[in-house]
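Working notes, beginning with the structure itself.
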Amino acid sequence: MIDVARARRETPGCQYVTHLNNAGSSLPPQPVLDAVVGHLELEARVGGYEAHEQNEPAIERFYGAAAKLLGAHPEEIAFASSATRAWDMAFYGFPFERGDRILTAVAEYISNYIAYIQVAERAGVEVVPVPNDEYGQVSVDSLRQLVDERVKLIAITHVPTNGGLVNPAAEIGAVAREAGIPYLLDACQSVGQLPVDVEEIGCDVLSATGRKYLRGPRGTGFLYVRSSLLGRLEPPFLDMRAADWVEPDRYELRPDAIRFEEWEQAYAAKVGLSTAIDYALGWGLESIWQRVAALGESLRARLGDIEGVTVRDLGAVRCGIVTFTVDGVGASELKERLAREAINVTASPRSSTLLDSRARALPDLVRASVHYYNTDEELDRLVESVRIAALC
Ligand SMILES: *Cc1c(COP(=O)(O)O)cnc(C)c1O
């Protein structure tokens, strides 16, 4: 059970806003704020490099914390400035050749898909979205049928950006393992929201962000690469952190996942991210997930009862991301109206998941994403405001 009163006491933003944009960027808790500001202050007092040295243990703790969160080893973790950059560093490291296939999901994320198109054009790779099943999630049966010797990567978004759907990541992992195909999971919306364990899921690469359900600072993300795959992925960019310059004409890549990192990093943000991971682990991901899923279901039910409101979420398992439309009121317009009442939601544009939006003929959606620190009273406020908007 989550002590919601404590969670709110430890979240300064709760005094000011009803924050239902946790899938965009969550409200950080006080310990995260203290860690970030504390490191910036140290940099200002003693110098940036000197602050790094003094705060080294806190900075290095990031690898152990992220590994614990994902059930991985610290050497399999790389820090990045975003989930997208983390994902890119692994994706562009695969040696694709003409005729290779990438299997992906219908509700795949915009930035991933742009990268698929680029690689398809450059390397002659074919990108094949796996059809959905009757719940709107990736069909594991269709995936199994599509697997053959041409498939060089299975790349799936765990929780899409545009709704409550949770894809069956572990069932997909079982198919990938059986076929011996590398499996890249975009876990940007799931990490921090629900338990994500790389062994249970069976993914080989995973990307996540700091600012969403983990409640870390903006400008942070991280990558997991299974140790058995590390040596086979060539990072698309290298620098003096990723490799040692050992002879005038030769460098040696680091053996661990730090080969995917940049030398320069936002250390204040990195310390903040470690703190956010520790903080999430302190609550427990199972407890967080139970509360988030329950709040999500409750919000869906209440919105669905309002005439003129259509809830758009798919999935056999549904999470804390709730998307809906209101007849006669555009998503951006409703978002602006709610903002005037200090209720934060976002408008999820069709283009963020173009295949899914086209397949379902979706307009832009209103996205309200709950976290464990949200309350029933906050959901009431949203529901009341939406009810009024739907009347006009
Ligand atoms: C937000 C999001 C991303 C991108 O995360 P960044 O940290 O902004 O790069 C990737 N995938 C999904 C599903 C997302 O929702």
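For region 240-312 versus region 328-392, the inter-centroid distance based on Cα atoms is 24 Å. Between Val46 and Ala294, what FRET efficiency comes out of the Förster formula 1/(1 + (r/R0)^6) with R0 = 41 Å and r the beta carbon distance, rounded to 0.05? FRET efficiency, Ala294 to Val46: 0.30. Amide hydrogen proximity for Val151: with H placed 1.01 Å from N in the peptide plane, the residues at 5 or more positions away or on another chain lying under 5 Å are Arg101. The P(r) of region 251-304 has a tail past 18 Å containing 62 percent of all C-alpha pairs. Of the complete DSSP H runs in the chain, those spanning 20 angstrom or more by Cα along the long axis with a mean Kyte-Doolittle score not below 0.0 are 30-46, 56-70, 267-283, 285-304, 376-391. Packing-based ranking of 25-31, 95-101 yields 25-31, 95-101, ordered from highest to lowest mean Cβ neighbour count within 10 Å. Between Gln118 and Ala361, the distance separating the two model label sites (each 7 Å from Cα on the Cα→Cβ line) works out to 3.5 nm.
Between Tyr92 and Asp249, what FRET efficiency comes out of the Förster formula 1/(1 + (r/R0)^6) with R0 = 35 Å and r the beta carbon distance, rounded to 0.05?
So, using R0 = 35 Å, E works out to roughly 0.90.
Along region 127-136 the Karplus relation, 6.51 cos²θ - 1.76 cosθ + 1.60 evaluated at θ = phi - 60°, assigns HN-Hα couplings of 9, 10, x, 6, x, 7, 8, 5, 8, x Hz to successive residues, with x for each Gly and Pro. Placing pseudo-labels 7 Å out from each Cα toward the beta carbon at Tyr135 and Glu336 gives an inter-label distance of 3.9 nm.
Answer rounded, prolate or oblate for region 240-392, using the Cα gyration tensor with square roots of eigenvalues a ≥ b ≥ c: rounded when a/c is under 1.5, else prolate when a/b is larger than b/c, else oblate.
Working: a/c = 2.74, a/b = 2.03, b/c = 1.35.
The shape class here is prolate.
Overall size of region 1-153 from C-alpha positions, given as principal axis extents largest first: 56, 39, 27 Å.
Taking all pairs of different Cα atoms in region 129-191, averaging 1/r and flipping that mean, what Kirkwood radius in angstroms comes out?
On the way: mean 1/r = 0.0836 Å⁻¹.
That comes to 12.0 Å for region 129-191.
What does DSSP give for the chain in terms of the percent of beta bridges that are antiparallel, rounded to the nearest 5?
On the way: 26 of 45 bridges.
If we restrict to bridges inside the chain, about 60 percent are antiparallel.
Residues His19, His52, arranged from fewest to most other Cβ atoms within 10 angstrom of their Cβ, appear as His52, His19.
Taking 0.36 nm per residue of separation and subtracting the Cα-Cα distance, full extension of the segment from Glu56 to Met240 would add 64.4 nm. The smallest convex shape that holds all Cα atoms of region 166-236, its convex hull, gives 92 Å³ per residue.
Distance between the C-alpha centres of region 1-67 and region 96-117: 34 Å, rounded to the whole angstrom.
Spin-label pair His73-Val128: with each label point 7 Å from Cα along the Cα-Cβ axis, the two points sit 3.3 nm from one another.
With a ≥ b ≥ c taken as the square roots of the eigenvalues of the C-alpha gyration tensor of region 23-82, please select rounded if a/c is under 1.5 and otherwise prolate if a/b is larger than b/c or oblate if it is not?
Oblate shape, in that a/c is at least 1.5 and b/c is the bigger or equal ratio.
At q = 0.17, 0.21, 0.26 Å⁻¹, what is the log10 ratio I(q)/I(0) for region 294-376, with the Debye formula run over Cα points and no solvent? The Cα Debye sum returns log10 ratios of -0.70, -1.08, -1.49.
Here Glu200 and Ile2 are evaluated by their C-beta separation; at R0 = 30 Å the FRET efficiency comes out at 0.85.
Result for the chain in a Gaussian network model with C-alpha springs under 10 Å: among Arg300, Arg318, Arg360, the largest mean-square fluctuation is at Arg360. The per residue volume of the convex hull around the alpha-carbon atoms of the chain is 141 Å³.
No value in this document is a laboratory result; all are computed from the given coordinates. Small disclaimer: the values here were computed from a predicted structure and weren't measured. Backbone-built Cβ (ideal geometry, glycine too); neighbour counts: all protein chains shown.
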